[in-house]
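What follows is a single structure, written as structure tokens, with notes after it.
Any read-out appearing in this document is the output of simple, stated calculations on the displayed coordinates, not a laboratory observation. For clarity, every value in this text was computed on a predicted model and none was experimentally measured. Please note: Cβ atoms are built from the backbone with ideal geometry, for glycine as well, and neighbour counts cover all protein chains shown.
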């Protein structure tokens, strides 16, 4: 299982693939496969069979997981894609820090 530096509700920039250059918010993280579910990125069509009584069948569009290596974390302060570094605070807590502006990324 890979240790990921991207967490839920982070904003990421897609680096490669059909959605290159798009930004989105991380919905879910799958550390066992090093994948992320990003909103409005990697949209696929899924054929759904009707399941009574509430769900109709048809073709639905939904997000599919994308590899962590294809995205880069966006700094909320300087709005640039950044590879974060890990620093220790005086309290001993480890935090992610932007390499460009030095801001702590929560």
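Inspect region 36-55 for any residue being in contact (Cβ under 8 Å) with a residue 24 or more places away in the chain, within 30 Å of residue 102 (Cα to Cα) and in a loop (DSSP other than H, G, I, E, B) and give the result as yes or no. Taking every residue of region 36-55 in turn, at least one turns out to be in contact (Cβ under 8 Å) with a residue 24 or more places away in the chain, within 30 Å of residue 102 (Cα to Cα) and in a loop (DSSP other than H, G, I, E, B). Here residue 42 meets the list (1) surrounded by 15 or more Cβ atoms within 10 Å (Cβ to Cβ); (2) under 21 Å from residue 76 (Cα atoms) almost entirely, failing just condition (2). When the residues of region 82-99 are filtered to those that are within 28 Å of residue 23 (Cβ to Cβ) and not in a loop (DSSP other than H, G, I, E, B), the one that is nearest to the chain's Cα centre (by Cα) is 82.
Taken over region 1-35, residues that are closer than 11 Å to residue 68 by Cβ, touching a helix residue (DSSP H, G or I) at 6+ places or on another chain (Cβ under 7 Å) and not in a strand (DSSP E or B) amount to 4.
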